[in-house]
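Enquirer: Before we start, here is the structure in question, set down as structure tokens.
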Amino acid sequence: MLQIKDLKATIEGKEILKGISLEVKEGEIHAIMGPNGSGKSTLAAVLAGREFAKITHGSVKYMGKDLLEMSPEERSKEGIFLGFQYPIEIPGVSMVNFMKTAINEHRKHRGEDPISASDFLKIMREKKALVEIDSALTSRSVNEGFSGGEKKRNEIFQMAMLEPKLSILDETDSGLDIDALRVVANGVNKLKRDDSATIVITHYQRLLDYIVPDVVHVLFDGKIVKTAGKELAIELEEKGYDWIKKEVDSE
Amino acid sequence: MENDQDKIISDATSGEYKYGFYTDIEIETIPKGLSEDVVRLISSKKNEPEWMLEYRLKAFRKWQKMKMPEWAHLKIPEINYQDIIFYAAPKQKPHLESLDEVDPELIETFNKLGIPLNEQKIFTGVAVDAVMDSVSVKTTFKETLADRGIIFCSFSEAVQEHPDLIKKYMGKVVPSTDNYFAALNSAVFSDGSFCYIPKGVRCPMELSTYFRINAANTGQFERTLIIADEESYVSYLEGCTAPQRDENQLHAAIVEIIAEKRAEVKYSTVQNWYPGDKNGVGGIYNFVTKRGICKGEYSKISWTQVETGSAITWKYPSCILKGDNSVGEFYSVAVTNNYQQADTGSKMIHIGKNTKSTIISKGISAGKSQNSYRGLVKVHKNASHARNFSQCDSLLLGDRCGAHTFPYIEVNNQTGIVEHEATTSKIGEDQIFYCNQRGISTENAIGLIVNGYAKEVFNKLPMEFAVEAQKLLEISLEGSVG
């Protein structure tokens, strides 16, 4: 589904991603872990098409297409979803209106007619129940005045509504209490399909108690320095990132 | 990212003006220029009584001694009044008994503007007075309204048919010498709408005037007078468009509203005069004096405006709250793009006791435009327990435009409460990206955000108008954000 090859990117002339290669297949959950400043969020942003990072080398293929050629909205409509680390507030725009506009753009892309109001409300009710989101949140403006936890839950709700093929969750667990964490993780697990994949970006192992990854990568200083099964996450939690640093340094 | 923003901005600002066409129709014009003779000529064209001519001449003599106001945050090029045609009328039979006698070209023109003049084709329940250049072309539903005692006709007709009402009310809210442009209008006004709602009558449909400038080199000077007698209600709509031309054209109008005891008047405008092109060439200079008086107790006047057109807008719809417990409201969305300039706002003059006023102003600036809010809230010394709430928000798209706020507050009674809130915000690149990531194009994202921002005002517009206004806003800002 996703093949990243030797991807390098700079921000304001400074190299942040220093040659990343990664392959994600349908049905898989990948976790990308790493200390702060290792390039995790930059990788997520680059995959979603945010242009603050300049790609200097490498390629990204998604469903056989050149991802880097696609606009952010095309990527979305082709099934890529980014759960934001810091979801953006859009005052005055109701969640309902926002979500309906998004869904209709996706439908248009697939050559379908706009969704009827009743179908839309029905789907919204279902997905709200699925991700245990408070009903009142969807009648408010996009993320405006939401608490940290509500914002993150709202991301999962949008993910549920858009049914993406590839979800990239950027530090979705940061700032969440254990209940919120459980809700978010449950949402991700329930939304998992055989033909979809998820990349979970996280600093801590605790989210991985709830979302069990097939593959764990450790990102360090712009490079993937270790790839293994879920046991790697536990090892990281016990030992911290220092031993990885030492390993890297000694190489 | 900067380049990207520029591109987004340039895309958004490239929206085409939909109403820029010109109707090739036979017109009668008078020679260019302004003099006492021209004032006399206009008056005689309209077969006016002597008192009307006197009114005009008095205004004209005063105007000659006045200077164009310079306090607004506007750069107004010098206007050569000798280069303007002050009267232009589509040629037609002097008296129209039915629509069949209206030139089909004119009907077609208004159809194209979305204003059907054929009553059978109108299902929206809106009566229209259609004004092209200097004359009213057709007023619909006149008879239906007359059954309830409502007078809705062109201003010229009212001068002939209802001179007593005109004499009693005209110039009482906006005196002929009120300001430079009001004096000019009072001297040369050619037509407009007149409306009288009798005691206790709730007008069963929206009344509207549609102003169209068609002829070249002309100015449009219309005036509207709305009188709502005791315990009556009317909702009034105004729309305006003009052809796309390289020369600037002048529009100087007056609107006067009188609300008697417990009467309510709601006046909504969607102003879409030709704004000029991307480089600031052409466009209408829009200098308008709109004022209403809440004369009787518990009366209410509500102004709602969506201003998207004109190269220059100078306009301050105001309320004089004379009756005790009367209410004045002003809701405004003013959009400027490219090289447009707008200086607009409201005046709320509290004279009666327990009077209340609300000002909600939403400015949206894009391109290289300048958008100013200017407002005055004045509480007279006898206006005990007056209340005002003002909110002035500015939204900036891009970094080459300007937003300015000039609030003036004068409170002469200690029991008055005046609140003023103001915000300035920018559509952020991160907001656009968030929308993009959900599949929403930049264009639509801007539409969503801007409409969300202006929603509070749109909600005050009558239904069909609100939809129209939303679309208009999207067109006006097409391609304008970063």
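The values are calculated or read from the model by the stated rules, or taken from the named source; none is laboratory data. Here the structure is a predicted model, which means the values were calculated and not measured. No Cβ is skipped: glycine too gets one built from the backbone with ideal geometry, and neighbour counts run over all protein chains shown.
Enquirer: Sort out for me the helices (runs of 4 or more DSSP H) sitting completely within region A:171-251 that have 3 or more residues that are within 21 Å of A:I20 (Cβ to Cβ) and hydrophobic (A, V, I, L, M, F, W, C). Quick ask: steps written out before the conclusion?
Expert: Details: elements: A:178-191, A:231-239, A:242-250.
It comes to A:231-239.
Enquirer: For region B:430-442, give me each residue that is in a helix (DSSP H, G or I) and either of a type in the set (A, V, I, L, M, F, W, C) or at pLDDT below 85 (or both). Before the answer, list the steps.
Expert: Taking region B:430-442 first, the residues in a helix (DSSP H, G or I) are B:430-437, B:442.
Within region B:430-442, B:I432, B:F433, B:C435 qualify.
Enquirer: Take region A:135-167 and flag every residue that is assigned to a loop (DSSP other than H, G, I, E, B), charged (D, E, K, R) and within 16 Å of B:Y434 (Cβ to Cβ). Talk me through it step by step, then tell me what you get.
Expert: Of region A:135-167, the ones assigned to a loop (DSSP other than H, G, I, E, B) are A:140, A:143-147, A:163-165.
With charged (D, E, K, R) added as a condition, the list becomes A:140, A:144, A:163, A:165.
Hits for region A:135-167 are A:R140, A:E144.
Enquirer: For region B:209-276, please list each of the strands (runs of 3 or more DSSP E) lying entirely inside it that holds at least 3 residues being at pLDDT below 95 and either more than 14 Å from the chain's Cα centre (by Cα) or under 21 Å from B:V174 (Cα atoms) (or both).
Expert: Values: elements: B:223-228, B:233-241, B:248-259, B:264-271.
Ranges flagged: B:233-241, B:248-259, B:264-271.
Enquirer: Give A:I55, A:I88 a once-over and let me know the one that is part of a loop (DSSP other than H, G, I, E, B), among the hydrophobic types (A, V, I, L, M, F, W, C) and either touching a residue at least 12 places away in the same chain (Cβ under 8 Å) or within 25 Å of A:I156 (Cα to Cα) (or both).
Expert: On the way: A:I55 fails: part of a loop (DSSP other than H, G, I, E, B).
Being part of a loop (DSSP other than H, G, I, E, B), among the hydrophobic types (A, V, I, L, M, F, W, C) and either touching a residue at least 12 places away in the same chain (Cβ under 8 Å) or within 25 Å of A:I156 (Cα to Cα) (or both) holds for just one of A:I55, A:I88, which is A:I88.
Enquirer: Considering region B:453-467 alone, what residues qualify as being touching a strand residue (DSSP E or B) at 6+ places or on another chain (Cβ under 8 Å) and either buried (at least 20 other Cβ atoms within 10 Å of the Cβ) or more than 10 Å from every other protein chain (Cβ to nearest Cβ) (or both)?
Expert: Across region B:453-467, the qualifying residues are B:Y453, B:A454, B:V457, B:F458, B:K460, B:L461, B:P462, B:E464, B:F465.
Enquirer: Still on this structure, please answer the following. Scan region A:12-25 and tell me whether some residue there is within 20 Å of B:E429 (Cβ to Cβ), hydrophobic (A, V, I, L, M, F, W, C) and in contact (Cβ under 8 Å) with a residue 24 or more places away in the chain.
Expert: yes
Enquirer: Any idea which of (1) in contact with a helix residue (DSSP H, G or I) (Cβ under 6 Å, 6 or more places away or on another chain); (2) farther than 26 Å from B:G428 by Cβ; (3) away from chain B (no Cβ under 14 Å) is the one A:I133 doesn't satisfy?
Expert: Just one mismatch for A:I133, condition (2).
Enquirer: I'd like to verify a number: residues in region A:192-219 that are touching a helix residue (DSSP H, G or I) at 6+ places or on another chain (Cβ under 8 Å) and crowded, with 20+ Cβ neighbours inside 10 Å, how many?
Expert: Qualifying residue count, region A:192-219: 12.
Enquirer: Restricting attention to region B:80-102, which residues are out of contact with any helix residue (DSSP H, G or I) (no Cβ under 9 Å at 6 or more places or on another chain), within 17 Å of B:T218 (Cβ to Cβ) and modelled with pLDDT under 80?
Expert: Across region B:80-102, the qualifying residue is only B:K91.
Enquirer: Could you check A:V93 against (1) buried (at least 20 other Cβ atoms within 10 Å of the Cβ); (2) modelled with pLDDT under 95; (3) more than 8 Å from every other protein chain (Cβ to nearest Cβ) and say which number it fails?
Expert: (3)
Enquirer: So which of A:L219, A:L166 is closer than 12 Å to A:A31 by Cα and in contact with a strand residue (DSSP E or B) (Cβ under 6 Å, 6 or more places away or on another chain)? Before you say what the answer is, go through the steps one by one.
Expert: Values: A:L166 fails: closer than 12 Å to A:A31 by Cα.
Sole residue among the options that is closer than 12 Å to A:A31 by Cα and in contact with a strand residue (DSSP E or B) (Cβ under 6 Å, 6 or more places away or on another chain): A:L219.
Enquirer: When the residues of region A:61-85 are narrowed to those that are more than 7 Å from chain B (Cβ to nearest Cβ) and part of a helix (DSSP H, G or I), which ends up surrounded by the most Cβ atoms within 10 Å (Cβ to Cβ)?
Expert: A:R75
Enquirer: Which of the numbered conditions does A:E237 fail, given that it passes all the others? Conditions: (1) in contact (Cβ under 8 Å) with a residue 12 or more places away in the chain; (2) surrounded by 15 or more Cβ atoms within 10 Å (Cβ to Cβ); (3) over 22 Å from A:G27 (Cα atoms).
Expert: In the conditions (1) in contact (Cβ under 8 Å) with a residue 12 or more places away in the chain; (2) surrounded by 15 or more Cβ atoms within 10 Å (Cβ to Cβ); (3) over 22 Å from A:G27 (Cα atoms), A:E237 misses (2) alone.
Enquirer: From B:S332, B:S310, grab the single residue that is assigned to a loop (DSSP other than H, G, I, E, B) and not aromatic (F, W, Y).
Expert: On the way: B:S332 fails: assigned to a loop (DSSP other than H, G, I, E, B).
Only one candidate passes the filter, namely B:S310.
Enquirer: What are the residues in region B:277-295 that are modelled with pLDDT under 90 and either at positive phi or in contact with a helix residue (DSSP H, G or I) (Cβ under 6 Å, 6 or more places away or on another chain) (or both), if any?
Expert: Correct list: B:G280, B:G282, B:G283.
Enquirer: Please give the number of the condition B:L472 fails out of (1) away from chain A (no Cβ under 14 Å); (2) in a loop (DSSP other than H, G, I, E, B).
Expert: (2)
Enquirer: So, in region B:420-441, exactly how many residues are crowded, with 18+ Cβ neighbours inside 10 Å and at the interface with chain A (Cβ under 8 Å from one of its Cβ atoms)?
Expert: 10
Enquirer: If you go through region A:136-145 one residue at a time, do you hit one that is closer than 21 Å to B:L395 by Cβ and away from chain B (no Cβ under 14 Å)? Give the steps one after another, and end with the answer.
Expert: Within region A:136-145, the first condition is being closer than 21 Å to B:L395 by Cβ, and the residues that meet it are A:140-145.
Now drop any that are not away from chain B (no Cβ under 14 Å), which leaves A:145.
Scanning region A:136-145 turns up at least one residue that is closer than 21 Å to B:L395 by Cβ and away from chain B (no Cβ under 14 Å).
Enquirer: Could I ask something else about it? Please state which one of A:K128, A:K108, A:K122 is facing another protein chain (nearest Cβ under 10 Å) and in a helix (DSSP H, G or I).
Expert: Values: A:K128 fails: facing another protein chain (nearest Cβ under 10 Å); A:K122 fails: facing another protein chain (nearest Cβ under 10 Å).
Matching residue, one of A:K128, A:K108, A:K122: A:K108.
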